[in-house]
Amino acid sequence: MVPEVGHYALILALALSVALTVLPLVGAQIGNQLLMHTSRSLATGFFVFVAIAFACLVIAFIQDDFSVSYVAGHSNSLMPVYYKISAVWGGHEGSLLLWILMLSGWTLAIAHLSKSLPLSLRAQVLAVMGFVGVGFLLFILLTSNPFDRLLPLAPQEGADLNPLLQDFGLIVHPPVLYMGYVGFAVSFAFAIAALLSGRLDSAWTRWARPWTNTAWAFLTIGIALGSWWAYYELGWGGWWFWDPVENASFLPWLVGTALIHSLAVTEKRGLFKSWTLLLAIFTFALSLLGTFLVRSGVLTSVHAFANDPERGVFILMFLLVVVGGSLTLYAFRAPVVHKSVRFSLVSRETFLLANNILLITIMVTVLIGTLYPLIADALNWGKVSVGPPFFNVFFVPLMGFLCLLMAPGVSSSWKRTSWQQLRQLLTRPLVVSVAAGALFPAVYGDEYHWEVALAVFIGVWIVSAGVSDLLYRLRHSRHWRDGLRRLTLSYWGMQLAHAGIAVTTIGVCLNSAYSDLRDVRMAPGETVQTSHYEFVLEGVEQVRGPNYVAQEATIRVSHDGEYVRHMKPQKRRYLAGGNMMTEVALDPGLFRDLYIAMGEPLGDDAWAIRVHVKPFVRWIWLGAIFMALGGGLAVADKRYRKLAQRQAEAAEPSLTGEART
């Protein structure tokens, strides 16, 4: 009975999303306040029924209802309850339902947290969100129903969840990633609503900016969680492989980063209006493209969910409708600039324009590398593989140049900046950065790496320029505390996000240059020496988990003769399907990770063992946390809400907030 309730809830959610698409939009076009007012209640109903459907699927997993095809294919009675819950989004159908739940949640948030929006604009934004909901609800009901039954011959036991997914990473990574993915639908909805209403001034950017920053922050953390999960779960010790599905999440992040900077220019200076609209459209379009790549079966990846051409065709058609319709509307309604707003060559506008150009260039490069093998295969050009060397040869220099521009971008002023001001602000950071970059490799490593010197220079350059700008802003304050209080949360958010870029840059380069990897044969009592560490295999024994048995090695680790700890990697065999999995042992630290993975048995009680010493690898994810926190601080800035409220009252005083009938 529970699955049927979930199925009917999805049907009702579809009906409400259709109503949400049509009624408020019609009301906004004809000025009918009653129809526009329906948007809030319809958005609430949309969320409630999707949440009911999601809860029904969770119950089916917890109760081991193997008469439901999706449960039978992705769960097992031996699995712990927390993995049964995370298994809800461990496959195609359930992850799609999670996608729709996130979409309905964002729709609900707009309906109830955007009281300062003019009623007509809010109605149009929610109508666009409803349209996206219609597309995905049709997709799940027609091609990917998670409540399909296996009756009358239901299996007594499930096929089990992929062992790679029986991990804490599955619990947190997809929900956070989808919050970012789907959150860019809000930016898209604001852009389309601005085009529909003809309100193409900077007002919509101020309303859209907090939502965009929130989505960007979630996507940043989601990508970092995926990288961290791959690092410790796959057993190879890497954190990014330029896998097509990894790229699918990175593409909207790149354009989303360009979007949040372009929104700032449009809001502050009224520039780049058409460009900002276009970025909002393409950011969400790339989110849909990522959904197509993951679910269409056109590529093979450990991350991919589905291998069904019918599903791929549906998503591709929906993508074409969304992108084609949006660009058609943009072509007819995008503003024609009759009056140019001037700015000098040395100004914040120029540096942010360069930021956008570089980010889009990087995105196009990654997109070409991701799609070219698919295009070559479709055109019978043969099987082509595009791997990390291709991406790195373009990505690294472009990203390095982008980072170099961040310092003058922070230090420059709007409209015009004097060379004297830039010299004053950047001379000391330049000296400090050059010294740090030149000295660090000589002090830290046994071998001098110019790549490390450059990475440390760039990281210190970004941070020291931010500090210099901060001191410049405090120069006229009687007391530094008074000056700090006057700085906005959005300013602190920018500083923290840029510091995160610096930390990640240093972490990536130092980890790549100084990682020490050994693949060795080890028997009990044997020793491996690496990077001042000594690893001694003391023995291997069999252990049992809730749904697996494992061979567990005990390895004693010491550093320059001093005991560090015992590490216990495992080679697991899962009982339900007999799948073999590697469970790595980690000793994490701020400045280095010790990483041990078991391979295959080699006879005579010996095992293939992989030993890593990975310096600064945690800095990669620490930087992502700083970036996301920076986005969160910008969202928390009350200035946006106050300005939006005043702007809404000036634009449409009779229709703001709880509009009067």
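Gap in Å between the Cα centre of the stretch 39-80 and the Cα centre of the stretch 238-264?
30
Would you mind finding the longest exposed-site-free stretch of the chain, with exposed GluC sites (Glu not before Pro) meaning DSSP loop and at most 12 other Cβ atoms within 10 Å?
The segment 1-446 is the longest one with no such site.
Could you grab the relative contact order for the chain? Cα pairs under 8 Å, six or more apart, rounded to a whole percent.
Reported as a whole number, the value is 13 percent.
So how strong a dipole does the chain carry about its Cα centre when Lys and Arg Cβ are +1 and Asp and Glu Cβ are -1, to the nearest 20 debye?
Approximately 3780 debye in magnitude.
Mind running the shape call on the stretch 1-164? Use the C-alpha gyration tensor, a ≥ b ≥ c as the square roots of the eigenvalues: rounded below 1.5 for a/c, prolate if a/b tops b/c, oblate otherwise.
It comes out prolate by the Cα gyration axes.
May I ask which residue of V176, A51, L200 lies farthest towards the positive end of the charge dipole of the chain, with charges of +1 (Lys, Arg) and -1 (Asp, Glu) on Cβ and the Cα centre as origin?
L200
Would you kindly state how much longer the chain becomes between L575 and Q63 on full extension, computed as 0.36 nm times their sequence separation minus their alpha carbon distance, in nm to one decimal?
Contour length minus the Cα-Cα distance gives 182.3 nm.
Points 7 angstrom from Cα along the Cβ direction at V5 and L439: gap in nanometres?
Simple spin-label model gives 6.7 nm for this pair.
Roughly how many Å is it from the Cα centre of the stretch 110-138 to that of the stretch 169-186, as a whole number?
Taking the Cα centre of each part, the stretch 110-138 and the stretch 169-186 sit 19 Å apart.
Test of understanding: ordering F351, F401, F46 by Cβ neighbours within 10 Å, fewest first, what list do you get?
The most exposed by this proxy come first: F401, F351, F46.
For K115, go through the lysines and keep the ones whose alpha-carbon is under 19 Å away, minus same-chain ones fewer than eight residues off.
K638, K642
Is the stretch 90-248 best put as rounded, prolate or oblate by its Cα gyration tensor, with a ≥ b ≥ c the root eigenvalues, rounded for a/c under 1.5, and otherwise prolate when a/b is larger than b/c, oblate when not?
oblate
Go through L602, P588, P524 and say which Cα lies farthest out towards the positive end of the charge dipole of the stretch 519-616; charges sit on Cβ, +1 for Lys and Arg, -1 for Asp and Glu.
Towards the positive end, the residue furthest out is P588.
Lysines within cross-link reach of K84: Cα-Cα under 29 Å, excluding same-chain residues under 8 positions apart?
K84 reaches K568, K571.
Take R485 and F394, extend 7 Å from each Cα along the Cα→Cβ direction, and tell me the distance between the two endpoints in nm.
Result for the modelled spin labels: 5.1 nm.
In the chain, which helices (entire DSSP H runs) extend 24 Å or more along their own long axis, judged by Cα positions, while averaging at least 1.0 on the Kyte-Doolittle scale?
2-30, 33-62, 92-113, 119-143, 168-197, 273-295, 309-333, 348-378, 388-411, 450-473, 618-636
Place a +1 charge on the Cβ of each Lys and Arg in the stretch 1-164 and a -1 charge on the Cβ of each Asp and Glu, then give the dipole magnitude about the Cα centre in debye, rounded to the nearest 20.
740
Go through G539, S104, P429 and say which Cα lies farthest out towards the positive end of the charge dipole of the chain; charges sit on Cβ, +1 for Lys and Arg, -1 for Asp and Glu.
So the residue furthest toward the plus end is P429.
Could you name the lysines in cross-link range of K415, using Cα to Cα under 18 Å and dropping any fewer than eight places away on the same chain?
K268, K273, K339
With a ≥ b ≥ c the root eigenvalues of the C-alpha gyration tensor of the chain, is it rounded (a/c under 1.5), prolate (a/b larger than b/c) or oblate?
In terms of gyration-tensor shape, oblate.
Treating only the Cβ of Lys, Arg, Asp and Glu as charged (+1, +1, -1, -1), what charge dipole size does the stretch 307-421 show about its Cα centre? Round to the nearest 20 debye.
660
Take the alpha carbon atoms of the stretch 312-381, find their center, do the same for the stretch 479-535, and report the distance between the two centers in whole angstrom.
Comparing the Cα centres of the stretch 312-381 and the stretch 479-535, I get a distance of 33 Å.
Each reported figure results from applying straightforward, stated rules to the coordinates on display, with no laboratory input. In this text the structure is predicted, and so the values were computed from the model without any measurement. Cβ sites come from the backbone with ideal geometry, for glycine too, and all protein chains shown count toward neighbours.
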